[in-house]
1. In debye, nearest 20, what is the charge dipole magnitude of the chain about its Cα centre with +1 on Lys and Arg Cβ and -1 on Asp and Glu Cβ, if you could check?
2. Sorted by packing (mean other beta-carbon atoms within 10 Å per residue), highest first, where do 130-140, 44-54 land?
3. Tell me, Kirkwood radius of the chain from alpha-carbon pair distances, in Å?
4. Given springs between every Cα pair under 10 Å in a Gaussian network model of the chain, which of Leu141, Leu112, Leu60 has the largest fluctuation?
5. What percent do you get for the relative contact order of the chain when only Cα pairs under 8 Å and 6+ apart count?
6. Could you work out how far apart the two model spin labels at Lys110 and Lys17 are, taking each label as a point 7 Å from the Cα in the direction of the beta carbon, and quote it in nm?
7. Under the rule of -39500 (n - 2.57) per DSSP H run of 4 or more residues, summed and divided by the residues of the chain, what mean residue ellipticity at 222 nm is obtained, to the nearest 500 deg cm²/dmol?
8. List, in the order given, every pair from Lys56/Lys181; Lys9/Lys66; Lys43/Lys67; Lys30/Lys66; Lys31/Lys181 whose Cα-Cα distance in the structure shown is over 21 Å.
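Derivation of every value follows stated rules applied to the coordinates shown; laboratory data play no part. Because the structure is predicted, anything quoted here is derived from the model rather than measured. All Cβ positions, glycine included, derive from the backbone under ideal geometry; neighbour counts span all protein chains shown.
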Amino acid sequence: MMESVLRIKGLQFGYSKQELLFDNFDLELKKGEIVSIVGPSGKGKSTLFDLIAGFKKPFLGKIESKKISFVFQDPYSSFHNSYSIENQILDVADNLDYYTLENTLKLERKVLQKKPYELSGGQLQRCSIFRALMMKPDLILADEPTSALDNIIQLEVMKTLVEGVKESALLLITHDLSLAKWCSDRIVRL
């Protein structure tokens, strides 16, 4: 039986007690699983990300997780502008697989040596995914991770994320139902 990396039990949260986004919400992810949270804007997808990450506190319920790494929707908020991408990745990551993964994500060495403001949104998002994978997490929490990428790079990046969950799990937050159907073991609709 696969090990659980995320358990949400009886979650209750909203921006007011009268209008709850989640009421007695349960979810469990096991190692190796890919689960997508899908729904239109305003239904609580990014709020669920914030609750799991600990950025927001639930009214009721319990959220337990093992080691998480994040891929945020806005890659520019993920890096400090004063340091190179490479330095920021190596500060938090196990560097044994650095060069193999660098090639898989098609990140050139000169790109990784730049500072965040010198990169396009797509390049920076691939760097964010690279960092998340390098951290060897139990769970990768990804909020619209391919929204800044063109279609060809989207597919390559998602293939890399899917391969990466052999050693962890992926909770993908997306509005793209076709992407969720393509890669997920389960889909939770909000």
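1. Working: 25 positive and 25 negative charges, 60 e Å.
Around 280 debye, computed over the chain.
2. Working: 130-140: 21.5, 44-54: 19.3.
Packing order, densest peptide first, comes out as 130-140, 44-54.
3. Numbers: mean 1/r = 0.0588 Å⁻¹.
For the chain, inverting the mean 1/r across all distinct Cα pairs yields 17.0 Å.
4. Between Leu141, Leu112, Leu60, it is Leu60 that shows the largest mean-square fluctuation.
5. Working: 355 pairs, mean separation 61.0, N = 190.
After rounding, I find 32 percent.
6. Taking the two extended label points, one gets 6.0 nm.
7. Working: 7 runs with 63 residues, N = 190.
One gets -9500 deg cm²/dmol as the mean residue ellipticity at 222 nm.
8. Numbers: Lys56/Lys181 28 Å; Lys9/Lys66 15 Å; Lys43/Lys67 26 Å; Lys30/Lys66 11 Å; Lys31/Lys181 19 Å.
Where the Cα-Cα span goes over 21 Å, the pairs concerned are Lys56/Lys181; Lys43/Lys67.
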